[in-house]
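Q: Please see the structure below; I have some questions.
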Amino acid sequence: MTKLNRRAFLTAAAASTMTPYFITSSANADEKVPGFDQTNTQIDATSVWQPYTDRKLRVGLVGYGFCKFSAEFEFQNHPNVEIVAVSDLFPDRCAELAKAVKCEKTYPSLEEMVKDDSIEAIFCATDAPSHARHAILCLEHGKHVCHAVPVFYGDPSDADKLYETVKKNSGLKYAMFETSVFHDDVYAMEKIYKAGGFGRIVYSEGEYCHTKEPNAPSYPSYKDWRKNGFPLWYPTHATAYYVGVTHKAFTEVSAQPVYNRFPGADPNKLVGEIALLRTEEEGISRMMCCHCHGIYLEAGRVRGELGGFDATYRPVEEAFTGVSDAVKVVNSLGNSIKKPALPPGVAAGSHGGSHGYLCCDFVDAILKDQPTRVGIADALNMTMPGYYAHLSVLKDGETLKVPHYAQ
(Lines give C-alpha, C1' and ligand atoms only; values in the text may rest on other atoms or scores of the structure.)
Protein backbone atom coordinates (compact mmCIF):
# COMPACT_ATOMS: atom_id res chain seq x y z
CA MET A 1 0.00 0.00 0.00
CA THR A 2 1.15 3.53 -0.72
CA LYS A 3 0.42 5.24 2.58
CA LEU A 4 -1.27 8.63 2.63
CA ASN A 5 1.40 10.19 4.79
CA ARG A 6 0.93 13.61 3.17
CA ARG A 7 -2.29 14.27 5.10
CA ALA A 8 -1.57 17.93 5.71
CA PHE A 9 -0.96 18.54 2.00
CA LEU A 10 -4.11 16.70 0.98
CA THR A 11 -6.31 18.51 3.48
CA ALA A 12 -4.96 21.85 2.37
CA ALA A 13 -5.40 20.93 -1.28
CA ALA A 14 -8.99 19.88 -0.67
CA ALA A 15 -9.75 23.14 1.08
CA SER A 16 -8.21 25.17 -1.73
CA THR A 17 -10.38 23.46 -4.35
CA MET A 18 -13.73 23.80 -2.58
CA THR A 19 -14.94 26.41 -5.05
CA PRO A 20 -18.74 26.24 -5.48
CA TYR A 21 -19.73 24.16 -8.51
CA PHE A 22 -23.40 23.87 -9.38
CA ILE A 23 -24.20 20.55 -11.03
CA THR A 24 -26.57 21.26 -13.88
CA SER A 25 -29.74 19.36 -13.12
CA SER A 26 -33.41 19.78 -12.44
CA ALA A 27 -35.26 18.12 -9.60
CA ASN A 28 -38.60 18.33 -7.93
CA ALA A 29 -40.45 16.25 -5.40
CA ASP A 30 -42.02 13.90 -7.96
CA GLU A 31 -39.02 13.51 -10.29
CA LYS A 32 -37.56 10.04 -10.69
CA VAL A 33 -33.82 10.30 -10.11
CA PRO A 34 -31.91 8.73 -13.03
CA GLY A 35 -30.63 5.28 -12.07
CA PHE A 36 -33.57 4.52 -9.78
CA ASP A 37 -35.58 3.47 -12.83
CA GLN A 38 -32.96 0.90 -13.93
CA THR A 39 -34.32 -2.30 -12.39
CA ASN A 40 -33.92 -4.81 -15.20
CA THR A 41 -31.32 -7.45 -14.42
CA GLN A 42 -30.32 -10.96 -15.44
CA ILE A 43 -30.61 -13.59 -12.74
CA ASP A 44 -29.64 -17.23 -13.13
CA ALA A 45 -33.07 -18.83 -13.54
CA THR A 46 -31.67 -22.22 -12.50
CA SER A 47 -30.56 -20.97 -9.08
CA VAL A 48 -32.60 -21.12 -5.87
CA TRP A 49 -31.77 -19.17 -2.73
CA GLN A 50 -31.09 -21.57 0.13
CA PRO A 51 -31.61 -20.45 3.75
CA TYR A 52 -28.52 -21.18 5.80
CA THR A 53 -29.37 -19.85 9.26
CA ASP A 54 -32.33 -18.73 11.36
CA ARG A 55 -30.29 -15.94 12.96
CA LYS A 56 -31.39 -12.35 12.38
CA LEU A 57 -28.70 -9.70 12.12
CA ARG A 58 -29.65 -6.65 14.19
CA VAL A 59 -29.25 -3.62 11.90
CA GLY A 60 -29.48 0.14 12.34
CA LEU A 61 -30.20 2.48 9.42
CA VAL A 62 -29.11 6.12 9.32
CA GLY A 63 -29.90 8.77 6.72
CA TYR A 64 -33.12 9.44 4.81
CA GLY A 65 -32.33 12.39 2.57
CA PHE A 66 -33.24 13.12 -1.04
CA CYS A 67 -32.50 9.58 -2.32
CA LYS A 68 -34.03 7.86 0.74
CA PHE A 69 -31.29 5.26 0.49
CA SER A 70 -31.77 3.71 3.93
CA ALA A 71 -35.02 2.11 2.75
CA GLU A 72 -33.83 1.44 -0.82
CA PHE A 73 -31.39 -1.42 -0.17
CA GLU A 74 -33.90 -4.01 1.08
CA PHE A 75 -32.58 -4.54 4.62
CA GLN A 76 -36.14 -4.39 5.95
CA ASN A 77 -37.14 -7.24 3.61
CA HIS A 78 -34.22 -9.60 4.23
CA PRO A 79 -35.28 -12.76 6.11
CA ASN A 80 -32.09 -12.69 8.20
CA VAL A 81 -32.31 -9.03 9.25
CA GLU A 82 -34.11 -7.26 12.06
CA ILE A 83 -34.18 -3.46 11.84
CA VAL A 84 -33.50 -2.45 15.44
CA ALA A 85 -33.36 1.35 15.09
CA VAL A 86 -33.26 4.19 12.58
CA SER A 87 -31.87 7.71 12.65
CA ASP A 88 -31.84 10.99 10.76
CA LEU A 89 -30.86 14.47 11.93
CA PHE A 90 -34.23 15.80 10.78
CA PRO A 91 -37.10 14.51 12.97
CA ASP A 92 -39.62 14.39 10.12
CA ARG A 93 -37.26 12.32 7.97
CA CYS A 94 -36.47 10.05 10.89
CA ALA A 95 -40.17 9.41 11.44
CA GLU A 96 -40.69 8.80 7.72
CA LEU A 97 -37.82 6.28 7.64
CA ALA A 98 -39.17 4.49 10.74
CA LYS A 99 -42.53 4.15 9.02
CA ALA A 100 -40.98 2.97 5.73
CA VAL A 101 -39.04 0.11 7.37
CA LYS A 102 -41.58 -0.59 10.15
CA CYS A 103 -39.24 0.20 13.04
CA GLU A 104 -40.29 1.79 16.33
CA LYS A 105 -36.96 2.80 17.85
CA THR A 106 -35.43 6.06 16.60
CA TYR A 107 -32.35 8.12 17.43
CA PRO A 108 -31.69 11.81 16.70
CA SER A 109 -28.19 11.11 15.36
CA LEU A 110 -25.71 8.40 14.44
CA GLU A 111 -23.60 9.52 17.39
CA GLU A 112 -26.44 8.39 19.68
CA MET A 113 -27.30 5.27 17.67
CA VAL A 114 -23.79 3.77 17.89
CA LYS A 115 -24.13 3.60 21.69
CA ASP A 116 -26.98 1.07 21.37
CA ASP A 117 -25.42 -2.29 22.25
CA SER A 118 -28.29 -4.21 20.66
CA ILE A 119 -27.23 -3.05 17.17
CA GLU A 120 -24.69 -5.25 15.40
CA ALA A 121 -24.40 -3.49 12.03
CA ILE A 122 -25.17 -0.05 10.61
CA PHE A 123 -25.89 1.17 7.08
CA CYS A 124 -24.79 4.81 6.71
CA ALA A 125 -26.77 6.52 3.97
CA THR A 126 -25.51 9.90 5.13
CA ASP A 127 -23.92 12.82 3.26
CA ALA A 128 -20.91 11.86 1.13
CA PRO A 129 -18.38 14.11 2.96
CA SER A 130 -19.17 12.25 6.21
CA HIS A 131 -18.91 8.63 4.97
CA ALA A 132 -15.35 7.94 6.15
CA ARG A 133 -15.87 9.65 9.51
CA HIS A 134 -19.17 7.84 10.11
CA ALA A 135 -17.70 4.46 9.14
CA ILE A 136 -14.82 5.00 11.56
CA LEU A 137 -17.29 5.93 14.32
CA CYS A 138 -19.29 2.73 13.78
CA LEU A 139 -16.22 0.51 13.73
CA GLU A 140 -14.80 2.12 16.87
CA HIS A 141 -18.09 1.27 18.61
CA GLY A 142 -17.85 -2.38 17.56
CA LYS A 143 -20.36 -2.27 14.69
CA HIS A 144 -20.09 -3.83 11.26
CA VAL A 145 -20.59 -1.00 8.79
CA CYS A 146 -21.58 -0.35 5.20
CA HIS A 147 -22.12 3.01 3.55
CA ALA A 148 -23.18 4.67 0.32
CA VAL A 149 -20.62 5.95 -2.19
CA PRO A 150 -18.00 7.38 -2.27
CA VAL A 151 -15.66 6.81 0.69
CA PHE A 152 -14.87 10.53 0.87
CA TYR A 153 -15.86 13.61 -1.07
CA GLY A 154 -13.14 16.16 -1.69
CA ASP A 155 -11.18 15.70 1.53
CA PRO A 156 -9.18 12.45 1.77
CA SER A 157 -7.70 13.21 5.18
CA ASP A 158 -9.63 10.35 6.82
CA ALA A 159 -8.85 7.81 4.08
CA ASP A 160 -5.77 6.28 5.69
CA LYS A 161 -7.40 6.42 9.14
CA LEU A 162 -10.39 4.46 7.84
CA TYR A 163 -8.08 1.93 6.16
CA GLU A 164 -6.17 1.43 9.42
CA THR A 165 -9.38 1.25 11.47
CA VAL A 166 -10.82 -1.48 9.22
CA LYS A 167 -7.57 -3.46 9.39
CA LYS A 168 -7.36 -3.05 13.16
CA ASN A 169 -10.95 -4.28 13.60
CA SER A 170 -10.53 -7.38 11.46
CA GLY A 171 -13.44 -9.11 13.21
CA LEU A 172 -15.85 -6.51 11.84
CA LYS A 173 -17.08 -6.27 8.25
CA TYR A 174 -16.80 -3.13 6.13
CA ALA A 175 -18.43 -2.51 2.76
CA MET A 176 -18.95 0.37 0.37
CA PHE A 177 -22.22 0.01 -1.54
CA GLU A 178 -20.97 0.69 -5.07
CA THR A 179 -23.89 -0.26 -7.29
CA SER A 180 -21.83 -0.95 -10.43
CA VAL A 181 -20.26 -4.10 -9.01
CA PHE A 182 -23.65 -5.79 -9.15
CA HIS A 183 -24.48 -4.58 -12.63
CA ASP A 184 -24.86 -7.58 -14.92
CA ASP A 185 -21.73 -6.67 -16.89
CA VAL A 186 -19.30 -5.99 -14.03
CA TYR A 187 -20.53 -9.09 -12.21
CA ALA A 188 -19.83 -11.18 -15.31
CA MET A 189 -16.50 -9.50 -16.08
CA GLU A 190 -15.17 -10.16 -12.58
CA LYS A 191 -15.91 -13.88 -12.98
CA ILE A 192 -14.29 -13.95 -16.43
CA TYR A 193 -11.21 -12.04 -15.27
CA LYS A 194 -10.71 -14.32 -12.27
CA ALA A 195 -10.96 -17.38 -14.55
CA GLY A 196 -8.32 -15.96 -16.91
CA GLY A 197 -10.65 -15.21 -19.81
CA PHE A 198 -9.28 -11.71 -20.39
CA GLY A 199 -5.64 -12.21 -19.53
CA ARG A 200 -4.09 -8.87 -18.61
CA ILE A 201 -6.49 -5.93 -19.01
CA VAL A 202 -4.85 -3.65 -21.57
CA TYR A 203 -7.58 -1.02 -21.80
CA SER A 204 -10.76 -0.25 -19.87
CA GLU A 205 -13.38 2.45 -19.73
CA GLY A 206 -15.90 3.63 -17.16
CA GLU A 207 -18.59 6.22 -17.78
CA TYR A 208 -20.84 7.90 -15.26
CA CYS A 209 -23.13 10.22 -17.23
CA HIS A 210 -25.82 11.72 -15.01
CA THR A 211 -28.38 13.38 -17.28
CA LYS A 212 -29.15 16.97 -16.28
CA GLU A 213 -31.04 19.86 -17.80
CA PRO A 214 -28.61 22.67 -18.72
CA ASN A 215 -28.31 25.38 -16.05
CA ALA A 216 -30.82 23.76 -13.69
CA PRO A 217 -30.09 23.63 -9.93
CA SER A 218 -28.53 20.62 -8.29
CA TYR A 219 -30.39 17.96 -6.34
CA PRO A 220 -30.98 18.83 -2.67
CA SER A 221 -28.26 17.68 -0.27
CA TYR A 222 -27.26 18.06 3.36
CA LYS A 223 -25.34 21.34 3.75
CA ASP A 224 -25.43 21.57 -0.07
CA TRP A 225 -22.55 19.10 -0.43
CA ARG A 226 -23.57 18.29 -4.01
CA LYS A 227 -23.01 21.92 -4.99
CA ASN A 228 -19.55 22.12 -3.48
CA GLY A 229 -17.55 19.68 -5.53
CA PHE A 230 -16.38 18.49 -8.91
CA PRO A 231 -17.46 15.64 -11.21
CA LEU A 232 -14.66 13.18 -10.47
CA TRP A 233 -14.98 13.61 -6.74
CA TYR A 234 -17.85 11.14 -7.27
CA PRO A 235 -15.99 8.62 -9.44
CA THR A 236 -16.91 5.15 -8.26
CA HIS A 237 -19.72 4.39 -10.74
CA ALA A 238 -17.00 4.73 -13.40
CA THR A 239 -13.85 3.42 -11.69
CA ALA A 240 -15.71 0.26 -10.63
CA TYR A 241 -15.43 -0.80 -14.26
CA TYR A 242 -11.76 -1.53 -13.66
CA VAL A 243 -11.32 -1.93 -9.90
CA GLY A 244 -14.53 -3.95 -9.51
CA VAL A 245 -13.45 -6.30 -12.30
CA THR A 246 -9.82 -6.86 -11.30
CA HIS A 247 -9.59 -5.84 -7.62
CA LYS A 248 -6.47 -3.94 -8.67
CA ALA A 249 -5.66 -0.23 -8.49
CA PHE A 250 -4.73 2.82 -10.54
CA THR A 251 -1.22 4.21 -10.14
CA GLU A 252 -1.14 7.45 -12.19
CA VAL A 253 -3.66 9.91 -13.61
CA SER A 254 -3.88 12.81 -16.03
CA ALA A 255 -7.24 14.54 -16.48
CA GLN A 256 -8.93 17.23 -18.52
CA PRO A 257 -12.02 19.38 -17.79
CA VAL A 258 -15.18 20.05 -19.76
CA TYR A 259 -16.75 23.44 -19.05
CA ASN A 260 -20.35 24.56 -19.37
CA ARG A 261 -20.67 26.57 -22.60
CA PHE A 262 -24.45 26.51 -22.69
CA PRO A 263 -25.92 30.00 -23.32
CA GLY A 264 -26.32 31.88 -20.07
CA ALA A 265 -24.10 29.51 -18.09
CA ASP A 266 -21.07 30.43 -16.04
CA PRO A 267 -18.24 29.37 -18.40
CA ASN A 268 -16.05 28.43 -15.42
CA LYS A 269 -18.43 25.75 -14.20
CA LEU A 270 -17.42 22.18 -14.90
CA VAL A 271 -19.91 19.77 -16.44
CA GLY A 272 -17.42 16.94 -16.83
CA GLU A 273 -13.96 15.61 -16.12
CA ILE A 274 -12.22 12.90 -18.13
CA ALA A 275 -9.27 10.99 -16.69
CA LEU A 276 -6.64 8.83 -18.34
CA LEU A 277 -5.13 6.45 -15.81
CA ARG A 278 -2.29 3.94 -15.66
CA THR A 279 -3.29 0.69 -13.98
CA GLU A 280 -1.44 -1.65 -11.67
CA GLU A 281 -1.25 -4.07 -14.63
CA GLU A 282 0.45 -1.36 -16.74
CA GLY A 283 -2.69 -0.94 -18.81
CA ILE A 284 -4.63 2.25 -19.52
CA SER A 285 -8.10 3.28 -18.37
CA ARG A 286 -10.34 6.17 -19.42
CA MET A 287 -12.73 7.14 -16.66
CA MET A 288 -15.22 9.97 -16.92
CA CYS A 289 -18.00 11.72 -15.08
CA CYS A 290 -20.24 14.22 -16.83
CA HIS A 291 -23.51 16.02 -16.19
CA CYS A 292 -24.52 16.77 -19.78
CA HIS A 293 -27.70 15.64 -21.47
CA GLY A 294 -28.12 12.27 -23.19
CA ILE A 295 -28.96 8.85 -21.82
CA TYR A 296 -28.13 8.11 -18.19
CA LEU A 297 -25.10 5.80 -18.00
CA GLU A 298 -23.24 3.81 -15.40
CA ALA A 299 -21.39 1.82 -18.02
CA GLY A 300 -18.02 0.57 -19.19
CA ARG A 301 -16.03 -2.06 -20.99
CA VAL A 302 -12.68 -3.83 -20.92
CA ARG A 303 -10.21 -5.16 -23.46
CA GLY A 304 -7.66 -7.75 -22.44
CA GLU A 305 -4.85 -9.59 -24.16
CA LEU A 306 -7.17 -12.56 -24.78
CA GLY A 307 -10.65 -11.05 -24.97
CA GLY A 308 -12.88 -8.02 -24.51
CA PHE A 309 -16.32 -7.35 -23.05
CA ASP A 310 -18.87 -4.62 -23.79
CA ALA A 311 -22.50 -4.99 -22.72
CA THR A 312 -23.48 -1.33 -23.00
CA TYR A 313 -25.97 -2.07 -25.78
CA ARG A 314 -25.84 -5.88 -25.88
CA PRO A 315 -27.00 -8.69 -23.59
CA VAL A 316 -24.36 -10.09 -21.25
CA GLU A 317 -24.32 -13.44 -23.05
CA GLU A 318 -23.30 -11.68 -26.30
CA ALA A 319 -20.85 -9.20 -24.79
CA PHE A 320 -17.62 -11.24 -24.81
CA THR A 321 -15.34 -11.57 -27.84
CA GLY A 322 -11.99 -13.31 -27.63
CA VAL A 323 -9.54 -15.90 -28.88
CA SER A 324 -10.77 -19.47 -29.00
CA ASP A 325 -9.17 -20.52 -25.69
CA ALA A 326 -10.71 -17.51 -23.93
CA VAL A 327 -14.13 -18.33 -25.38
CA LYS A 328 -13.77 -21.83 -23.95
CA VAL A 329 -13.03 -20.34 -20.53
CA VAL A 330 -16.16 -18.16 -20.69
CA ASN A 331 -18.32 -21.05 -21.90
CA SER A 332 -17.06 -23.20 -19.03
CA LEU A 333 -18.36 -20.63 -16.53
CA GLY A 334 -21.94 -21.23 -17.69
CA ASN A 335 -24.60 -19.51 -15.62
CA SER A 336 -22.11 -18.49 -12.92
CA ILE A 337 -21.58 -15.20 -14.76
CA LYS A 338 -25.20 -14.35 -13.96
CA LYS A 339 -26.30 -13.22 -10.53
CA PRO A 340 -27.84 -15.89 -8.27
CA ALA A 341 -31.36 -15.89 -6.88
CA LEU A 342 -32.21 -13.50 -4.05
CA PRO A 343 -34.00 -14.42 -0.82
CA PRO A 344 -37.82 -14.39 -1.00
CA GLY A 345 -39.10 -10.85 -0.56
CA VAL A 346 -35.81 -9.16 -1.46
CA ALA A 347 -36.01 -7.21 -4.72
CA ALA A 348 -32.98 -6.65 -6.94
CA GLY A 349 -33.90 -2.97 -6.88
CA SER A 350 -32.55 0.02 -8.74
CA HIS A 351 -29.24 0.97 -10.36
CA GLY A 352 -29.09 -2.08 -12.58
CA GLY A 353 -30.71 -4.41 -10.08
CA SER A 354 -27.92 -3.92 -7.54
CA HIS A 355 -29.55 -2.77 -4.32
CA GLY A 356 -30.81 -6.11 -3.06
CA TYR A 357 -27.53 -7.81 -3.94
CA LEU A 358 -25.45 -5.29 -2.00
CA CYS A 359 -27.66 -5.87 1.04
CA CYS A 360 -27.36 -9.65 0.74
CA ASP A 361 -23.61 -9.46 0.19
CA PHE A 362 -23.17 -7.49 3.43
CA VAL A 363 -25.48 -9.75 5.45
CA ASP A 364 -23.81 -12.90 4.09
CA ALA A 365 -20.35 -11.49 4.84
CA ILE A 366 -21.28 -11.11 8.50
CA LEU A 367 -23.29 -14.31 9.01
CA LYS A 368 -20.95 -16.50 6.92
CA ASP A 369 -17.73 -14.67 7.90
CA GLN A 370 -16.61 -13.98 4.34
CA PRO A 371 -15.28 -10.88 2.53
CA THR A 372 -17.63 -8.20 1.26
CA ARG A 373 -17.82 -7.47 -2.47
CA VAL A 374 -16.33 -3.98 -2.06
CA GLY A 375 -13.98 -4.03 0.89
CA ILE A 376 -11.82 -1.18 2.13
CA ALA A 377 -9.03 -1.55 -0.46
CA ASP A 378 -11.41 -1.58 -3.43
CA ALA A 379 -13.47 1.25 -1.94
CA LEU A 380 -10.45 3.52 -1.58
CA ASN A 381 -8.95 2.44 -4.91
CA MET A 382 -12.24 3.41 -6.61
CA THR A 383 -12.48 6.79 -4.86
CA MET A 384 -8.92 8.11 -4.56
CA PRO A 385 -8.18 8.35 -8.33
CA GLY A 386 -11.04 10.81 -8.78
CA TYR A 387 -9.59 13.17 -6.20
CA TYR A 388 -6.21 13.11 -7.91
CA ALA A 389 -7.86 13.45 -11.31
CA HIS A 390 -9.33 16.77 -10.24
CA LEU A 391 -5.94 17.87 -8.89
CA SER A 392 -4.56 17.05 -12.34
CA VAL A 393 -7.25 19.26 -13.91
CA LEU A 394 -6.08 22.10 -11.67
CA LYS A 395 -2.52 21.47 -12.89
CA ASP A 396 -3.40 21.59 -16.63
CA GLY A 397 -3.44 17.82 -17.01
CA GLU A 398 -0.17 17.08 -15.23
CA THR A 399 0.34 13.35 -14.61
CA LEU A 400 0.12 12.63 -10.89
CA LYS A 401 0.87 9.55 -8.84
CA VAL A 402 -2.23 8.03 -7.22
CA PRO A 403 -1.87 6.55 -3.70
CA HIS A 404 -3.31 3.08 -3.69
CA TYR A 405 -4.17 0.43 -1.12
CA ALA A 406 -3.36 -3.25 -0.83
CA GLN A 407 -6.11 -5.83 -0.33
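The values are calculated or read from the model by the stated rules, or taken from the named source; none is laboratory data. Predicted model only: the values in this text are computed from it and were never measured. Positions of Cβ are generated from backbone atoms using ideal geometry, with glycine treated the same way; all protein chains shown enter the neighbour counts. What goes into the accessible areas is simple: the full protein's heavy atoms, side chains included, and nothing from ligands, DNA or RNA. Shrake-Rupley method; radii C 1.70, N 1.55, O 1.52, S 1.80 Å.
Q: Stokes-Einstein at 37 °C, 0.692 mPa s, Kirkwood radius from Cα pairs: D for the range 267-359 in µm² s⁻¹? Please report the intermediate quantities before stating the final value.
A: On the way: Rh = 16.6 Å.
D = 198 µm²/s.
Q: Going by the alpha-carbon gyration tensor, a ≥ b ≥ c the square roots of its eigenvalues, is the range 48-201 rounded (a/c under 1.5) or, if a/c is not under 1.5, prolate (a/b greater than b/c) versus oblate? Spell out each step's value before the answer.
A: On the way: a/c = 1.69, a/b = 1.35, b/c = 1.25.
It comes out prolate by the Cα gyration axes.
Q: Right, something else. Calculate the length of the line joining the C-alpha centroid of the range 131-165 to that of the range 356-407, in whole Å.
A: Between the Cα centre of the range 131-165 and that of the range 356-407, the gap is 12 Å.
Q: For the chain, the longest stretch holding no chymotrypsin sites (Phe, Trp or Tyr not before Pro) located in a DSSP loop with at most 11 other Cβ atoms within 10 Å is which?
A: Working: sites that count: Y52, Y313.
By the stated rule (loop sites, at most 11 other Cβ atoms within 10 Å), 53-312.
Q: Run the numbers on the range 307-396 and let me know its relative contact order in percent, using alpha-carbon pairs under 8 Å that are six or more apart.
A: Details: 38 pairs, mean separation 10.4, N = 90.
Relative CO of the range 307-396 lands at 12 percent.
Q: Share of the chain's accessible area from carbon and sulfur, percent, 1.4 Å?
A: 52 percent
Q: Just subtract the alpha-carbon distance of N268 and Y296 from 0.36 nm times their residue separation and send over the number in nm, one decimal.
A: Working: separation 28, 0.36 × 28 = 10.08 nm, distance 2.38 nm.
Contour length minus the Cα-Cα distance gives 7.7 nm.
Q: Probe of 1.4 angstrom, ligands and nucleic acids ignored: what's the accessible area per residue over the chain, in square angstrom? Don't jump to the answer; show the numbers that get you there.
A: On the way: 16770 Å² over 407 residues.
Value for the chain: 41 Å² per residue.
Q: Also, I was wondering about something else. Would you mind estimating how fast the range 201-317 diffuses translationally, via Stokes-Einstein at 25 °C and 0.890 mPa s with the Kirkwood radius over Cα pairs, in µm²/s? Numbers along the way, then the final one.
A: On the way: Rh = 15.4 Å.
Calculated translational D: 160 µm²/s.
Q: When we measure straight from the Cα of K269, which aspartates and glutamates land under 18 angstrom away, once same-chain ones fewer than 8 places off are left out?
A: Output for K269: E213, D224, D396.
Q: Provide the gained length on full extension for the span D44 to D117, in nm with one decimal, where the gain is 0.36 nm per separating residue minus the Cα-Cα distance. Mind dumping the intermediate values first?
A: On the way: separation 73, 0.36 × 73 = 26.28 nm, distance 3.86 nm.
Result: 22.4 nm gained on full extension.
Q: Answer with one residue from A98, Y52, C124: the one whose Cα lies farthest towards the positive end of the charge dipole of the range 47-129, charges on Cβ with Lys, Arg +1 and Asp, Glu -1.
A: Among A98, Y52, C124, the one farthest towards the positive end of the dipole of the range 47-129 is Y52.
Q: Kirkwood Rh, the chain, all Cα pairs: how many Å? Mind showing how you got there, number by number?
A: Working: mean 1/r = 0.0464 Å⁻¹.
So the Kirkwood estimate lands at 21.5 Å.
Q: What translational D, rounded to a whole number of µm²/s, comes out for the range 114-161 from Stokes-Einstein when the hydrodynamic radius is the Kirkwood one over Cα pairs, at 25 °C and 0.890 mPa s?
A: Working: Rh = 10.9 Å.
It comes out at roughly 225 µm²/s.
Q: Right, next: What is the distance, in nm, between label points placed 7 Å from the Cα along the Cα-to-Cβ direction at K194 and at A216?
A: Simple spin-label model gives 4.0 nm for this pair.
Q: Rg (Å, one decimal) plus Dmax (Å, integer) for the alpha carbons of the range 60-129?
A: 10.8, 32
Q: Can you work out ³J(HN,Hα) from phi for every residue in the range 325-332, in order, using Karplus 6.51 cos²θ - 1.76 cosθ + 1.60 and θ = phi - 60°, giving whole Hz and x for Gly and Pro?
A: 5, 5, 4, 4, 4, 5, 4, 5
Q: Taking the Cα centre of the chain as origin and charging only Cβ (+1 Lys, Arg; -1 Asp, Glu), how large is the dipole, in debye to the nearest 20? All intermediate terms of the calculation are to be shown ahead of the outcome.
A: Numbers: 41 positive and 49 negative charges, 103 e Å.
Its charge dipole is roughly 500 debye.
Q: What residues have an amide H closer than 5 Å to that of A319, excluding those fewer than 5 places away on the same chain, when H is modeled at 1.01 Å from N in the peptide plane?
A: Under 5 Å from the amide H of A319 lies no amide H from a residue far enough along the sequence or on another chain.
Q: Considering the dipole of the range 211-299 built from charges on the beta carbon (Lys and Arg +1, Asp and Glu -1) around the Cα centre, which of I295, A216, N228 is farthest to its positive end?
A: A216
Q: With all pairs of different alpha carbon atoms counted, what Kirkwood hydrodynamic radius in Å does the range 154-232 show? Write down the numbers at each step before the final one.
A: Working: mean 1/r = 0.0589 Å⁻¹.
Final number for the Kirkwood radius of the range 154-232 is 17.0 Å.
Q: With unit charges on the beta carbons (Lys and Arg positive, Asp and Glu negative) and the dipole taken about the Cα centre of the chain, which residue among H78, V149, C360 sits farthest to the positive side?
A: After comparing all options, I get V149.
Q: Compute, for the range 161-247, the length of the dipole vector about the Cα centre, with Cβ point charges of +1 (Lys, Arg) and -1 (Asp, Glu) only. Units Debye, rounded to 20.
A: Details: 11 positive and 9 negative charges, 101 e Å.
Its charge dipole is roughly 480 debye.
Q: Per DSSP H run of n ≥ 4, the term is -39500 (n - 2.57); total these for the chain, divide by its residue number, and report the mean residue ellipticity at 222 nm rounded to 500 deg cm²/dmol.
A: After summing the helix terms and dividing by the residues of the chain, the value is -8500 deg cm²/dmol.
Q: Here's a follow-up. Mean separation of Cα pairs under 8 Å and 6+ residues apart, divided by the residue count of the chain: what relative contact order is that in percent? Let's see the in-between values first.
A: On the way: 937 pairs, mean separation 98.2, N = 407.
Computed over the chain, the figure is 24 percent.
Q: Okay, moving on. Pairs K173/K248; K191/K401; K212/K339; K99/K223: which are spaced more than 27 Å apart, C-alpha to C-alpha? It would help to have the intermediate numbers written out before the result.
A: Working: K173/K248 20 Å; K191/K401 29 Å; K212/K339 31 Å; K99/K223 25 Å.
Cα-Cα > 27 Å for K191/K401; K212/K339; rest within.
Q: If you don't mind, another one. With a cut-off of 8 Å between alpha carbons and a minimum separation of six or more residues, what is the relative contact order of the range 76-196 in percent?
A: Here the relative contact order equals 17 percent.
Q: What trypsin sites (Lys or Arg not before Pro) in the range 311-407 are in a loop by DSSP, with at most 14 other Cβ atoms within 10 Å of the Cβ? Before the final figure, lay out each step's value.
A: Values: sites: K328, K338, K368, R373, K395, K401; in loops: K338, R373, K395.
For trypsin sites (Lys or Arg not before Pro) across the range 311-407 that sit outside H, G, I, E and B with at most 14 neighbouring Cβ atoms in 10 Å, the list reads K395.
Q: Further, regarding this structure: Whole percent per 5 Å bin, from 0 to the bin with the longest distance: what is P(r) over all C-alpha pairs of the range 296-407?
A: 2, 9, 11, 14, 17, 19, 15, 8, 4, 1, 0
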